[in-house]
1. Within region 73-91, how many residues turn out to be part of a helix (DSSP H, G or I) and surrounded by 13 or more Cβ atoms within 10 Å (Cβ to Cβ)?
2. Restricting to region 10-40, what's the tally of residues that are open to solvent by less than 40 Å² (accessible area, probe 1.4 Å) and without any contact (Cβ under 8 Å) to a residue 12 or more places away in the chain?
3. Taking into account only those residues within region 41-60 that are in a helix (DSSP H, G or I) and open to solvent by 30 Å² or more (accessible area, probe 1.4 Å), which is farthest from Val5 (Cα to Cα)?
Amino acid sequence: MQVVVIRFTVREEWAGRWLDLVGEFTRATRAEDGNLWFWWARSVDEPNVFFLLEGHHEDSVEEHLKSPLIPKIQREWPVALVETPQVLMTR
């Protein structure tokens, strides 16, 4: 099993609509055969910080990373971000 935790610091003006921006990728990832979970959480201390917790079967990670949506999110998500997302844990 592959587990990843990523911290996203979102621009203040995007905080209220971040989940809308990431919605398509979230739904697509959750529908993948090897997906175990794909959860977003919002910091209670910093309302413009979101955490992504995702789990995949080990043999499905490579396929997940080939998602046709990856180039799209690489183009669209940066406008809403303060900095490059930080990978806090991978196992």
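1. Residues in region 73-91 being part of a helix (DSSP H, G or I) and surrounded by 13 or more Cβ atoms within 10 Å (Cβ to Cβ): 4 in total.
2. Total satisfying the criteria: 1.
3. Among those that are in a helix (DSSP H, G or I) and open to solvent by 30 Å² or more (accessible area, probe 1.4 Å), it is Asp59.
The values are calculated or read from the model by the stated rules, or taken from the named source; none is laboratory data. Since the model is a prediction, treat every value here as computed from it, not as a measurement. All Cβ positions, glycine included, derive from the backbone under ideal geometry; neighbour counts span all protein chains shown. Please note that ligands, DNA and RNA were not included when accessible areas were found on the heavy atoms of the full protein model with its side chains. Shrake-Rupley method; radii C 1.70, N 1.55, O 1.52, S 1.80 Å.
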